[in-house]
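Participant: Below: one structure in structure tokens.
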Amino acid sequence: MKRFCYLLMIGWLSLPLMVNAASMPAAQLSPEQQQWLAQHGQLRVGLVLQAPYAKFDQRLQRLSGANVELMKWLAQSLGIDLVWHNYADLAQLEQAARAGEIDLAPGLTQTPA
């Protein structure tokens, strides 16, 4: 009984934290950035499916992973849609980025030249 009371108190005290965590602040954008987003309405995101950053769940038929969740959070903050493009390897992803087939590719690393 004592343990239940402690758990109940912890849950009650953490409720305000959960409510604040659920709210998403709107992105602060310049007028030019807002205009660009209004014209495009979606971002084309390129991924190489590699756990834990991005993977495709066959059972649920959806993408998941750290980079996927980051991009979903960004899209929600910007109020836009995402169009996902999967690539077999990093070379194909970089080629697609250079060709303008995608707008961004989360998780790419930049190394010194």
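Participant: Would you be so kind as to identify which of 41, 65, 76 lies farthest towards the positive end of the dipole of region 36-81, taking Lys and Arg as +1 and Asp and Glu as -1 on Cβ and the Cα centre as origin?
Facilitator: 65
Participant: Per residue of region 38-48, what does 6.51 cos²θ - 1.76 cosθ + 1.60 with θ = phi - 60° give for ³J(HN,Hα)? Whole Hz please, x for Gly and Pro, Karplus curve as stated.
Facilitator: 5, 6, 8, x, 8, 10, 8, 10, x, 9, 9
Participant: Another question, then. Under 5 Å between amide H atoms, partner at least 5 residues away or on a different chain: which partners does residue 44 have, H built in plane at 1.01 Å?
Facilitator: Here 83, 103, 104 satisfy the definition.
Participant: Each residue of region 69-79 in turn: what ³J(HN,Hα) in whole Hz from Karplus with 6.51, -1.76, 1.60 and θ = phi - 60°, glycine and Pro shown as x?
Facilitator: After applying 6.51 cos²θ - 1.76 cosθ + 1.60, I find 5, 4, 5, 5, 5, 4, 4, 5, 5, 8, x Hz.
Participant: What shape does region 30-107 take by its C-alpha gyration tensor, where a ≥ b ≥ c are the square roots of the eigenvalues and a/c under 1.5 counts as rounded, a/b above b/c as prolate, and the rest as oblate?
Facilitator: It is oblate, given that a/c is not under 1.5 and a/b is not larger than b/c.
Participant: I've got another one for you. Test of understanding: what is the full-extension gain from residue 89 to residue 34, defined as 0.36 nm times their sequence separation minus their Cα-Cα distance?
Facilitator: Full extension of this stretch gives 16.5 nm more.
Participant: Could you run the Karplus curve 6.51 cos²θ - 1.76 cosθ + 1.60 with θ = phi - 60° over region 86-93 and give me ³J(HN,Hα) per residue in whole Hz, x for Gly and Pro?
Facilitator: So the J values, rounded to whole Hz, are 9, 10, 5, 8, 5, 4, 5, 5.
Throughout, read-outs are computed from the coordinates displayed, never taken from laboratory work. What you see is a predicted model; the values in this text were computed from it and never measured. Reconstructed Cβ throughout: ideal geometry from the backbone, glycine too, with neighbour counts over all protein chains shown.
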